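The structure's right below; bear with me while I get my questions together.
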Amino acid sequence: SYKKDIDDTRESPALDIIQLLQDGGSDVSYFDPFVDDLNLNSKSIDKIDKLNEECLKKFDLSVIVTDHSNVNYKLIKSHSKQIVDTRNVYKKEGSKKIIKLGNSIK
């Protein structure tokens, strides 16, 4: 969704990010507890129904686009290989595997 704790995907930056990743050849799935179905260019995007350790370890990258209140961000940090944080949910966290939007990559 485009905004915290709602189900409206209109104007969501996630749609552009998904499109860019797919255009680059990536397989993309999404987790959003507020969005049941997501379609892009008439194609359904695979939904992750339950976010857990096993699921997160399958992916090369986790991208946080919306900072929903009911998401376990500690779980994401613990089990993701790499994270792009566009919402600053890890603002106080220091980790080489977290890329924060607006921060330089070192």
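The values are calculated or read from the model by the stated rules, or taken from the named source; none is laboratory data. Remember, predicted model here, so these are calculated numbers, not experimental data. Cβ atoms come from the backbone with ideal geometry, glycine included; neighbour counts cover every protein chain shown.
Quick check on region 79-106: of everything there that is of a type in the set (Ser, Thr, Tyr) and more than 18 Å from residue 30 (Cα to Cα), which residue is modelled with the lowest pLDDT?
So the residue we want is 104.
Collect the residues in region 53-85 that are touching a helix residue (DSSP H, G or I) at 6+ places or on another chain (Cβ under 9 Å) and of a type in the set (Ser, Thr, Tyr), keeping them in residue-number order.
62, 66, 78, 80, listed by residue number.
May I pose another question? Does region 8-20 hold any residues that are in a loop (DSSP other than H, G, I, E, B) and under 15 Å from the mean Cα position of the chain (by Cα), and which are they?
Answer for region 8-20, where residues must be in a loop (DSSP other than H, G, I, E, B) and under 15 Å from the mean Cα position of the chain (by Cα): 9, 12.
I'd like the residue in region 10-25 that is among the small types (Gly, Ala, Ser) and in contact (Cβ under 8 Å) with a residue 12 or more places away in the chain and, out of all such residues, is farthest from residue 58 (Cα to Cα).
Filtering first and then ranking leaves 12.
Separate question: Residues of region 49-106 being touching a residue at least 24 places away in the same chain (Cβ under 8 Å), hydroxyl-bearing (Ser, Thr, Tyr) and exposed (fewer than 10 other Cβ atoms within 10 Å of the Cβ), which ones?
Matches in region 49-106: 69 only.
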